[in-house]
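Here is the structure we will look at.
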Amino acid sequence: MRSLLKPGLLAAALTLALATNPGAQQAPAGSHSAAAPPPTAAKTDSVGKLIAFPTPEAAADALTAAARRNDDKAIEAILGEPWEVLLPTMNDGYQRDRLSYLTAWDEQHRIVIEPASNGTKAIVEVGTTTWTLPIPIVKDGDAWRFDPLAGFNEMVDRELGRNEFGAIQTLLAIGDAERDYAEMDPMKTGSPVYARRLLSSPGKKDGLYWPPAAGQPESPLGERVANSQPDGKFPGDHYGYNFHLLYGQG
């Protein structure tokens, strides 16, 4: 599992990492704030030695309570091993996301049964954004437990989706930068021409980015995008992609 991820990909992923800020949208009615059940409400599950709960609400309450206490042993009992790969609790980002999650949970939360699951899969929604916990709660016999593997796959999908969207937005930004470049005419050609490079040659403005200098116009493209290419300073660092200008179709 470790080999599939770069560091930080699933920082606080399965319980706490917020793919989007949990305070930005309005949630539907029906939220609740039930207290976490006592430990006697759960039992040891035979599948992966996870803890199973009588209801999905009890499972969500228990995991949130464990996160609130920073209770590593309780989280391990709920999510199994190696939960540290999925919840890097020593990571500063985890603690930030943990507090964001708890704040959203305290605002409002509810359990939603997925219609397509025939009543066997539940999703946790928190906050006014209705952000959903990536790890689902599934029915196992007459009890409910978290499904860490499904949560892992969901976080990978979310990460890939975010990167794809970021790359598309970057391409649109490059198009805007080309139009700005043609209007600026930084090479003083006297006619509107597009740049043929992302990164300008040293001492020139023949690309969409050039270093800032006093009294000089700001380049239309950012440094990180311009250097996100195989021979740049930050190869593959912008949403995991390298960018390159094409001079023609094909």
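The values are calculated or read from the model by the stated rules, or taken from the named source; none is laboratory data. Owing to the predicted nature of the structure, the values given are computational and were not obtained by experimental measurement. Cβ coordinates were reconstructed from backbone atoms using ideal geometry, including for glycine residues, and neighbour counts include every protein chain displayed. Please note that ligands, DNA and RNA were not included when accessible areas were found on the heavy atoms of the full protein model with its side chains. Shrake-Rupley method; radii C 1.70, N 1.55, O 1.52, S 1.80 Å.
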Quiz item: Tell me, what is the 1.4 Å probe accessible area of H244, in Å² to the nearest 10?
Solution: 140 Å²
Quiz prompt | Cleavage-rule hits (GluC sites (Glu not before Pro)) in the range 179-240: DSSP loop, at most 16 neighbouring Cβ within 10 angstrom | solution = E218
Quiz item: Amide H neighbours of W144 under 5 Å, counting only residues 5+ apart in sequence or on other chains, H built in-plane at 1.01 Å?
Solution: F53, T55
Quiz item: How high is the FRET efficiency between K233 and D142 when r is their beta carbon distance and R₀ equals 45 Å, given to the nearest 0.05?
Solution: 0.20
Quiz item: Residue separation times 0.36 nm, minus the C-alpha to C-alpha distance between K188 and L160: what's the value?
Solution: 6.0 nm
Exercise. Whenever you get a sec, compute what percent of the accessible area on the range 176-250 sits on carbon and sulfur atoms (1.4 Å probe).
Key: 51 percent
Quiz item: Stretched out fully, how many nm does the piece from T128 to E81 gain, at 0.36 nm a residue minus the Cα gap?
Solution: 13.8 nm
Quiz prompt | Cα-based Rg and Dmax for the range 145-188, where Dmax is the largest Cα-Cα distance (Å) | solution = 19.1, 66
Quiz prompt | More than 17 angstrom apart: percent of Cα pairs within the range 130-250 | solution = 66 percent
Quiz item: Non-local amide H neighbours of W131 (under 5 Å, H modeled in plane, Pro and chain starts lacking H): which ones?
Solution: V126
Self-check item: Per-residue SASA entry for E57, accessible area with 1.4 Å probe, Å² rounded to 10
Solution: 70 Å²
